[in-house]
Amino acid sequence: MNPKISVIVAIYNAEKYLYRCLNSLAEQTFEDYEVLLIDDGSPDSSGNICDRFAKKYPFMRVIHKKNGGVSSARQCGIDHAQGEYTIHVDADDWVEPNMLEELYQKAKQEDADMVICDYFEIKLKERYVKQEPTALTADIVLKNLLTSKLMGYCWNKLIKRACYNDYNLTFPANMILEDLFVVCRLCLNNIHIVYLNKAFYHYDRTINKESLSLNYNEHSLVSRIAFISYMEKELPQAYQEELNSMKCSVKKIAWCSQAYSKEDFINLYKEINQVYPCYQKCKSPISISVWICLSGHYKIAKFMLKTWLFIRRFLCRCGILPVNFYTANGK
């Protein structure tokens, strides 16, 4: 008989934190579940740790595979999952003991295709992050995701496994934001979404996460452009405004990146402008500093940007501003 929930853990070089994660999954109050440990070719001892846990706990299974990135590992988990519902967990995070029990109970009570819940975020201190959609319809949830009113993480969403087959959902290879892409594609369909006003997941941003200082590297920027290209092919015209907002954020991320010289940035910005000419009149601090730079005052523009980023980082650490990808847009 198949389990009720499949928990998928994509693992790569996580030996320092893996015990904490797997112990939290082993201590669930829920009984009928499996944990798929996807060792994505880790050169450290992560694979051995997985083997030891699988030997101790019959509901844990290990799949050792050649390194292919987080998308590849997550897709491998989906391909091998047997549960009625699925959820993902990052190897450097951990969960509350009642997570699976409460999410499954909510899903069955309301016959949901997807259950969204809140989560805890750890930076300098832990804070509660609410993830309630403005409305529980697939189109509104999609708009919330595209404008970052909701985050697209897979680990605070219990998803019916049949949805992956019914709607031909796969994690795209070699792409950042692959979880957001899958959740957005799922919301393009008339699925039943419910919200649980509780937090179970501890998202540890102190471990190898993107910096609050927005020092995005070139790979990150290119990946985000690729994400938008993917979504342009998928989204109908009704979501153009939300997509334009995402395009605007790419320009700002390019400016916040520390990977470009003055000349490189100006050339890159002009190239992005040709592809994404939208939102030219945006009045955010980043947009103004970009205009100053393009007017020839690079040092003044950079000083302005650093000052704004310092203020923003301070407000984020105080919990006044949310910490997420799209806060780069200066709104």
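Quick notes
- Scaled against 2.2 N^0.38 Å for its residue count N, the alpha carbon radius of gyration of the range 86-213 is 1.02.
- What the phi angles of the range 51-67 give under the Karplus curve with 6.51, -1.76 and 1.60, with θ = phi - 60°, is a coupling list of 4, 5, 5, 5, 5, 7, 10, x, 7, 9, 10, 10, 10, 8, 9, 5, 4 Hz, glycine and proline written as x.
- Note, ³J(HN,Hα) from phi for the range 97-107, Karplus 6.51, -1.76, 1.60, rounded to Hz, x at Gly and Pro: x, 9, 4, 5, 4, 6, 5, 5, 4, 5, 4
- In the range 5-204, Cα pairs under 8 Å separated by at least six residues give a relative contact order of 26 percent.
Read the figures in this text as sums done on the coordinates, not as results from a lab. As the structure is a computational prediction, the values presented were derived from the model and not from experiment.
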